[in-house]
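The block underneath contains the structure these notes are about, expressed in structure tokens.
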Ligand SMILES: [Fe+2]
Ligand SMILES: [Fe+2]
């Protein structure tokens with residue numbers, strides 16, 4: 001039976017008060033427009049599914065392009081422009097910073113850092129890329145800005161960046177990490193951030209670290225895949241107490257990555273995610 005992300009207050013979200021819908025964030029990543037492995041049909045389908053889902057917010061965690069070229073940005077933008085949502089936040093990835101691609105990013109998507117504070121939800125995104133390098137960095141100069149952003153009163157705080165802050169199983173040799181991941185994680189813990197969303201590894205996964213959950217998205221529409229992982233995007237349903245995160249395969253079913261409580265931080269991870277698929 002198909003297990004679908006729910007945006008209607010049914011199924012997994014049933015613990016919330018009757019009639020109150022979960023707040024839904026759709027998380028897509030690693031479009032890689034222009035890559036030989038980019039599959040237009042998958043991106044078309046993801047757009048249709050997301051417009052049916054009607055998320056409150058869409059977040060895109062980088063690698064919109066493959067080489068940072070203007071025509072690749074234009075192609076990625078044609079898809080993202082079709083998404084209907086209250087707000088979209090986009091941060092660049094290491095591929096977008098190739099060939100001085102960040103100038104096109106700024107022209108088409110605006111600042112490389114972004115924030116959103118509404119309805120008790122705070123989402124803050126930064127550019128973790130460095131020109132022509134594959135590793136990630138946040139940098140000491142941005143910690144204070146992050147602290148100021150997360151000072152806004154909120155019930156749920158989300159941080160976006162392209163590179164994962166924690167290693168992702170099933171991705172081979174550990175490389176291209178965030179150079180200051182430890183310091184960044186400490187800042188996020190101090191800021192009471194609930195959820196970190198990233199991409200880059202093309203493998204969906206979730207970790208809990210103290211009271212912080214770090215959730216990675218796969219590649220939404222490419223065959224740049226590791227092991228048996230399939231193209232997918234994530235759907236985050238934020239209820240009164242329970243947060244449920246799904247990975248959804250365009251054209252296919254969805255399965256739950258993790259479910260956690262905001263009051264106790266107890267969590268339940270589902271079997272059959274990237275660890276198993278990568279073997
Ligand atoms: Fe990527
Ligand atoms: Fe990347």
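The values are calculated or read from the model by the stated rules, or taken from the named source; none is laboratory data. Bear in mind that the values here come from a model prediction, so they are computed numbers and not experimental data. Quick reminder, even Gly has a Cβ in these numbers, built from the backbone with ideal geometry, and neighbours come from all protein chains shown.
Quick one: in the range 146-193, which of the residues that are more than 28 Å from residue 237 (Cβ to Cβ) and surrounded by 14 or more Cβ atoms within 10 Å (Cβ to Cβ) is nearest to ligand 1 (Cβ to nearest atom)? Per the stated criteria, the residue is 176. Restricting the range 86-112 to residues that are within 13 Å of residue 59 (Cα to Cα) and surrounded by fewer than 18 Cβ atoms within 10 Å (Cβ to Cβ) leaves a set whose member that is farthest from ligand 1 (Cβ to nearest atom) is 86. Of all residues in the range 50-106, those satisfying the criterion of being within 16 Å of ligand 2 (Cβ to nearest atom) and under 27 Å from residue 20 (Cα atoms) are 59, 60.
Summed over the range 226-241, residues that are assigned to a loop (DSSP other than H, G, I, E, B) and touching a residue at least 60 places away in the same chain (Cβ under 8 Å) total 4. Would you say residue 42 is over 23 Å from residue 235 (Cβ atoms) and not in a loop (DSSP other than H, G, I, E, B)? So residue 42 does not fit the description; no.
Say whether the condition of being in contact with a strand residue (DSSP E or B) (Cβ under 9 Å, 6 or more places away or on another chain) and part of a strand (DSSP E or B) is met by at least one residue in the range 132-139. For the range 132-139, residues in contact with a strand residue (DSSP E or B) (Cβ under 9 Å, 6 or more places away or on another chain) and part of a strand (DSSP E or B): present. Return the residues of the range 204-244 that are modelled with pLDDT under 95 and within 16 Å of ligand 2 (Cβ to nearest atom); say none if nothing qualifies. Matches in the range 204-244: 223, 224, 225, 226, 229.
Within the range 127-144, being farther than 15 Å from residue 92 by Cβ, in contact (Cβ under 8 Å) with a residue 24 or more places away in the chain and more than 21 Å from the chain's Cα centre (by Cα) holds for one residue alone: 140. Just so you know, in the range 218-233 the residues that are more than 11 Å from residue 46 (Cα to Cα) and surrounded by 24 or more Cβ atoms within 10 Å (Cβ to Cβ) include one that is nearest to ligand 1 (Cβ to nearest atom), and it is 219. Per the listing 74, 80, the residue uniquely buried (at least 17 other Cβ atoms within 10 Å of the Cβ), at pLDDT 95 or above and touching a strand residue (DSSP E or B) at 6+ places or on another chain (Cβ under 9 Å) is 80.
For the range 190-203, a residue qualifies if it is more than 16 Å from ligand 2 (Cβ to nearest atom) and without any contact (Cβ under 8 Å) to a residue 60 or more places away in the chain, and the qualifying residues are 190, 191, 192, 193, 195.
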